[in-house]
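The values are calculated or read from the model by the stated rules, or taken from the named source; none is laboratory data. None of the values given here were measured: they were computed from a predicted structure. Please note: Cβ atoms are built from the backbone with ideal geometry, for glycine as well, and neighbour counts cover all protein chains shown. SASA here: full protein model, heavy atoms, side chains in, ligands and nucleic acids out. Shrake-Rupley method; radii C 1.70, N 1.55, O 1.52, S 1.80 Å.
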Amino acid sequence: MRRIWVVSDLQVPFHDKRAVAALAQAISDLKQPNDIVLTIGDEMDFQTISRWSTGTALEWERSIGKDRDETVQVLKDLQVGHMIRSNHTDRLFNSVMKRLPGLLGLPEIELTNFLQLPQLGIEFHKEAFSFAPGWFAMHGDEAGTSQVSGQTAAGLVRKVGASVVCGHTHRMGLVPHTTSVNGRVTRTLWGFEVGNLMDMTKATYAKTHNWQQGFGVLYEDKGKVVPSPIPIERKSFIIEGEQYTW
């Protein structure tokens, strides 16, 4: 059996540092050699180059280097091996393309090099990542987004025709889609949203929200995959009978 650890949206520097540290400890305690750790996107916020920062003091914050270094350390601490493209990390390319297209192609500002992924041994996936039989990892912004937990992932399941784990919505949800004939189940697909690992007090742009902190673990054994949401509540989570509290 192996585990697939799915790290939800971090958005460094707006991540919940203590929650992330606890997850890093859980991975260190429980991770086996054949386990994989993947981030589901939005590892770094890139807030200073977002379209929302244009014409504001945020453009002049000069924090992107510090934020990048912190993101690299978080990825290292979490032992990440795979990363999915996402709308926040797309900001680097989009910003250069729109504002300074003459810099396109400069290796130092390509996302993989900027975040030092080769040095960290992280594989970057521009497309949906097939990480287990019948399962794909996607960020969650590839199609319409629902305000109902689990329904964004469920929508992707219907489009892809396979089980999907995703982030983006900051919500947690696990939704099955079963087909059958003559009383016999032909297949069950799962849409799995893994929540977020943000410090919600720093999400000042969201006056109200219906987000949940958490992450996901999937257990694969002989082709069978079982998804498991791990919610974070009251500064703690429980995984495999072990409680992590801060």
* Taking Rh as the Kirkwood radius computed over C-alpha pairs, what is the Stokes-Einstein D of segment 133-193 at 20 °C in a medium of viscosity 1.002 mPa s, expressed in µm² per second? -> 187 µm²/s
* Structure fact -> Sorted by chain and number, the residues with a modelled amide H under 5 Å from that of G140, at a separation of 5 or more or across chains, are G167
* Asked: If Lys and Arg each add +1 and Asp and Glu each add -1, what is the summed charge of the other residues whose beta carbon sits under 11 Å from the beta carbon of K98?
  -> +3
* Would you mind computing, in nm to one decimal, how far apart the modelled labels at L120 and V181 are, each placed 7 Å from Cα along Cα→Cβ? => 4.6 nm
* Asked: Can you give the charge dipole size of segment 111-246 about its Cα centre, rounded to the nearest 20 debye, using +1 on the beta carbon of Lys and Arg and -1 on the beta carbon of Asp and Glu?
  -> 380 debye
* Reachable lysines from K202, Cα under 26 Å, same-chain residues fewer than 8 places away excluded? -> K17, K66, K76, K235
* **About the Cα centre, charge dipole magnitude for segment 1-66 (Lys/Arg +1, Asp/Glu -1 at Cβ), debye** => 180 debye
* Asked: Where Lys and Arg each count +1 and Asp and Glu each count -1, what net charge lies around V164 among other residues with Cβ under 10 Å from its Cβ?
  -> 0
* Could you give the distance between the Cα centres of segment 57-104 and segment 184-246, to the whole Å? -> 24 Å
* To do: Report, in deg cm²/dmol and to the nearest 500, the calculated mean residue ellipticity at 222 nm for the chain, where each DSSP H run with n ≥ 4 adds -39500 (n - 2.57) and the sum is divided by the residue count.
  => -6500 deg cm²/dmol
* To do: Kindly rank 52-65, 232-245, 213-226 from highest to lowest mean number of other beta carbons found within 10 Å of each residue.
  => 213-226, 232-245, 52-65
* **Nitroxide proxy distance, nm - points 7 Å out along Cα→Cβ at L106 and R158** => 4.5 nm
* Counting only DSSP beta bridges with both residues in the chain, tell me the antiparallel percent, nearest 5. => 65 percent
* Return a whole-number percent for the relative contact order of segment 91-156, with Cα pairs under 8 Å and 6 or more residues apart as the contact set. => 15 percent
* Asked: If one takes the longest principal axis of the Cα atoms in the chain, at what angle in degrees, from 0 to 90 and to the nearest 10, does the Cα axis of helix 17-30 lie?
  -> 50 degrees
* Lys, Arg +1 and Asp, Glu -1 on Cβ, resulting dipole of the chain about Cα centre, debye, nearest 20 -> 560 debye
* In percent, how large is the relative contact order of segment 114-225, given Cα pairs closer than 8 Å and 6 or more residues apart? -> 22 percent
* Asked: So, by mean Cβ neighbours within 10 angstrom, what's the order for 121-132, 86-97 with the highest one leading?
  -> 86-97, 121-132
* Asked: Among G183, H170, A154, which residue has its Cα positioned farthest towards the positive end of the charge dipole of segment 150-203, with +1 placed on the Cβ of Lys and Arg, -1 on the Cβ of Asp and Glu, and the dipole taken about the Cα centre?
  -> G183
* Asked: Shape of segment 31-106 from its Cα gyration tensor (a ≥ b ≥ c, root eigenvalues): rounded if a/c is under 1.5, otherwise prolate when a/b > b/c, or oblate?
  -> prolate
* To do: Could you tell me how many degrees, from 0 to 90 and to the nearest 10, lie between the Cα long axis of helix 64-77 and the main elongation axis, the longest principal axis, of the Cα atoms of the chain?
  => 30 degrees
* Gyration tensor (alpha-carbon) shape descriptor, segment 141-246, a/c threshold 1.5 -> oblate
* Asked: Summing +1 for each Lys or Arg and -1 for each Asp or Glu, what net charge is found among the other residues whose Cβ lies under 9 Å from the Cβ of E220?
  -> +3
* Which values of log₁₀ I(q)/I(0), to two decimal places, follow from the Debye formula for the chain at q = 0.08, 0.12 Å⁻¹ with a uniform point scatterer at every Cα? -> -0.30, -0.68
* To do: Please list, in chain and number order, the residues 5+ apart from I239 or on another chain whose amide H is under 5 Å from its amide H, with Hs placed from the backbone.
  => Y244
* With the Cα gyration tensor of segment 10-51 giving a ≥ b ≥ c as the square roots of its eigenvalues, does the rule (a/c under 1.5 for rounded; else a/b larger than b/c for prolate; else oblate) give rounded, prolate or oblate? -> oblate
* If the cut-off is a Cα-Cα distance under 19 Å, which lysines reach K222, setting aside same-chain residues fewer than 8 apart in sequence? -> K31
* Pop out the carbon and sulfur fraction of the accessible area of segment 70-129 as a percent, whole number, probe 1.4 Å. => 55 percent
